[in-house]
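The structure appears below as structure tokens.
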Amino acid sequence: MQRRKFLRTATSAAALSLASLISWQPRISAAAVPSDITQMSASMLSAAIRERLVSSEEVMTAYLARIHRYNPTYNAIVSMLPDDECLTLAREADALLARGIYQGWMHGMPHAVKDLSDAAGLMTSRGSPIFTGTLATQDGYMISRIRAAGALFIGKTNAPEFGMGSQTYNPVFGATGSACNPELTAGGSSGGAASGLGTRTLPVADGGDLMGSLRNPGAYNNVIGFRPTQGRVPGGTAGDLFYQQMGTGGPMGRNSEDTVRLLLSIAGVEPGNPLSLRDKLPVADAFIERKLAGTRIGWLGDYDGYLATEPGLLELCEQNLKTLSQHGATVEACQPAYDLSRLWQTWLTLRHWTRNGMRELYDNADTRKLLKPEAVWEIEGSFNTSARDIYQAGIARADWFRALSSLFGRYDFLVLPTAQVFPFPKTEHWPKSINGRPMDTYHRWMEIVIGGSLAGIPVVNVPAGFDPHGRPMGLQVMGRFGDDRSVMEFAMAYEKLTGHLEKQPEPIASE
């Protein structure tokens, strides 16, 4: 494989600050528009389209060319519409703008939806041969909010089968490669979304996070992935509205500002969803870089040796903490007063329980044989999960929330690595051991992410840089429940201070 060079881009620095999602004054000149439209941040691209410095048709043409050049190598975007249909959507967006109709900050921007969600007119496979070829007739709830912001849906982003596992591969479309090295995994389950961002074949991306599915691929592709506070991004009004509080939709971006803008598009109260948060996030311009002086950071590391980590990973993360302390932050090692093995058992119980809804696919012999072994294991694990097991898991989850709340009495943020291993070959389904310690389940290697998920708190992946082999890693920054703004404002400051996002790989074109 050819040696890749790393290029510094001005995307992050060039991103503009707009007055709001809907009404803002133009703040971009023609001279600020780069020759390669795909190198603009989503925020800058939005301004350029709104001010008619570039047309949606020009944007679509540029992105289609880039997708055709690089996507065959990385396999990030799947189920694409034909080019002529994409261009027709772009021309329609231009026509609306010419008539003074502006739909939102994503007006005229190409977008690919994670293949676990429905988007009207596009195929939804969920990474499973059971659903291959299923045409969605309506948008999923979060996706409808993205469409309302003006996005043009051109395809889907690849995901593992039913989103299970932090490695994006499936029998329908194959594996997705990291933007930093297409031979390595892009992570998952929002692996296609993150790879598309890292290769600049998408301006911004949506995803979901139950077990690190926004954070892990964010780390493995050197982009931002944000898991919002539980209830910040409502899942709609259908199905169970009370008990299933494990996963959430969320945004990904090339930088923090883009991530905030997409968050504001998909967040917001849903009156028909009783557990959606009732407070309102401010407009994008209200998000400003947090002052690091006086910021208190608790470093959880590997939970004092409880978690196995690949050699060199903790040291890379700690270099970033040293940089933060040099700029006024107080960084201290800390640990929650909690039995971490109890937390893992809580996770297993609740994870199995969430998969009982797939029982119908298991009971049908024709569909069961099409399920991957990990899916069968999860479903079967729900069979012997009793009401008492779930009740005890709920108490354990609450105790974990209380343990973290105690730490948040001393620290503004809690930080730990985003993954326990660097990206591994995409032909490997999951690491069977880490640093000599066997992994007993298909997701044990990602145990490090369950703390944020079970607490329901906001967690952002920020880049930690690269190891000597050019493999990326990230840091999870966890904040207090409901304080999504502070977490993203910290990410903005961290992004500017470290400059990791400016170091993007030169993608490899298909032959």
Quote the relative contact order of the chain in percent (integer), defining contacts as alpha-carbon pairs under 8 Å separated by 6+ residues. 18
Relative to the compact-globule scaling 2.2 N^0.38 Å, provide the ratio for the alpha-carbon radius of gyration of segment 164-215. 1.03
Compute the normalised compactness of segment 124-232: alpha-carbon radius of gyration over 2.2 N^0.38 Å, N being the residue count. 1.02
Expressed in Å to one decimal, the Kirkwood Rh of segment 353-499 from all distinct alpha-carbon pairs is 18.2
Among trypsin sites (Lys or Arg not before Pro) in segment 58-165, those in a DSSP loop whose Cβ has at most 14 other Cβ atoms within 10 Å are ARG99
Theoretical gain in end-to-end length, ALA293 to CYS334 [0.36 nm per residue, Cα-Cα removed]: 12.8 nm
Looking at segment 88-142 from every direction and averaging, what is the projected area of its Cα convex hull in nm²? 4.5
Over segment 169-321, what is the relative contact order in whole percent, taking alpha-carbon pairs under 8 Å and six or more residues apart? 17
If amide H atoms are modeled at 1.01 Å from N in the peptide plane, then the residues at a separation of 5 or more from LEU152, or on another chain, having amide H under 5 Å from its own are GLY108, MET109, HIS111
Report the calculated FRET efficiency for THR354 and ASP279 (r = Cβ-Cβ distance, R0 = 35 Å), to the nearest 0.05. 0.85
Given a cut-off of 18 Å, what percent of all Cα-Cα pairs of segment 291-384 lie beyond it? 64
Return the distance in nm (one decimal) between the two label points of a simple spin-label model at THR441 and LYS496, each offset 7 Å from Cα along Cα→Cβ. 4.1
Using Cα pairs under 8 angstrom and six or more residues apart, how large is the relative contact order of segment 41-113, in percent? 51
Given the -39500 (n - 2.57) contribution per DSSP H run of 4+ residues, what per-residue ellipticity at 222 nm results for the chain, rounded to the nearest 500 deg cm²/dmol? -10000 deg cm²/dmol
If you keep only loop residues by DSSP, which trypsin sites (Lys or Arg not before Pro) in segment 376-434 have at most 13 other Cβ atoms within 10 Å of their Cβ? ARG410, LYS432
Using only the Cα atoms of the chain, build the gyration tensor, take square roots of its eigenvalues as a ≥ b ≥ c, and label the shape rounded, prolate or oblate: rounded if a/c is under 1.5, else prolate if a/b is larger than b/c, else oblate. rounded
Full-extension gain in nm, GLU315 to LEU370, via 0.36 nm per residue minus C-alpha separation: 15.6 nm
Using DSSP to define loop residues, name the trypsin sites (Lys or Arg not before Pro) in segment 223-282 whose beta-carbon has at most 15 other beta-carbon atoms within 10 Å. ARG278, LYS280
Which order do CYS317, CYS334 fall in if you start with the one that has the fewest other Cβ atoms within 10 Å? CYS334, CYS317
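Coordinate-derived values only; no laboratory data. It should be emphasised that the depicted structure is a prediction, and the values quoted were computed from it without experimental measurement. Cβ sites come from the backbone with ideal geometry, for glycine too, and all protein chains shown count toward neighbours.
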